[in-house]
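Here the structure comes first, spelled out in structure tokens, and everything after it is commentary.
The values are calculated or read from the model by the stated rules, or taken from the named source; none is laboratory data. Please read all numbers here as calculations on a predicted model, not as lab measurements. Note: ideal-geometry Cβ built from the backbone for every residue, glycine included; neighbour counts use all protein chains shown.
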Amino acid sequence: MSQKRNRFFKDPALPHVECRYTYDSDAHYTPHRHATLSIGAITERIVSFDNRTQTDLLTPSALIIINPETLHACNPIEGEARSYRMLYLDATWCTQLYNSLFWGGIRITPGWRTPSASYVSTPRIDSTTSPRVTESTEAVFTSSPNG
């Protein structure tokens, strides 16, 4: 397995945010958890996303939102490499931000959970559907990590 390009970015001015850019990687991961709220975008090729309840095959421009401490694995299809972008947000900071924006509504506390463990936006495919490549995700997920 080769990890051709895998870069992490963390700015001291934003200690609650970490970015990851992974290009053309065929690395496989065992199911794992992050303490952060994780947001990912598939930018190249098809990816198998597994969580506790289901497996989805994702195409470029699919967006994945994974709650903190949710068991998951996101891997390339056998024999293929994939590219993706991740944004890891500190769960306590997300909680504080939510509560400051919606002070009159329901308050949440660190360690929050929602009914669904993760959210996958369209497009996604299943094993009975032929792969369909769509336009890449815009904005931060398509820009180069070097600017």
Just give me the residues in the stretch 2-33 being in a loop (DSSP other than H, G, I, E, B) and over 19 Å from H72 (Cβ atoms), in sequence order.
S2, K10, D11, P12, A13, L14, P15, H16
Would you point out the residue of the stretch 80-102, among those that are touching a residue at least 24 places away in the same chain (Cβ under 8 Å) and in a loop (DSSP other than H, G, I, E, B), that is surrounded by the fewest Cβ atoms within 10 Å (Cβ to Cβ)?
E80
Given the structure, is T30 surrounded by 13 or more Cβ atoms within 10 Å (Cβ to Cβ), on the phi < 0 side of the Ramachandran plot and modelled with pLDDT of 90 or more?
no
Looking only at the stretch 34-66, filter to residues that are within 12 Å of the chain's Cα centre (by Cα) and not in a strand (DSSP E or B); which one of those is surrounded by the fewest Cβ atoms within 10 Å (Cβ to Cβ)?
H34
Inside the stretch 27-63, the number of residues satisfying the requirement of being out of contact with any Phe, Trp or Tyr (no Cβ under 6 Å at 6 or more places or on another chain) and either free of Cβ contacts under 8 Å to residues at least 24 places away in the same chain or not polar (S, T, N, Q) (or both) is 23
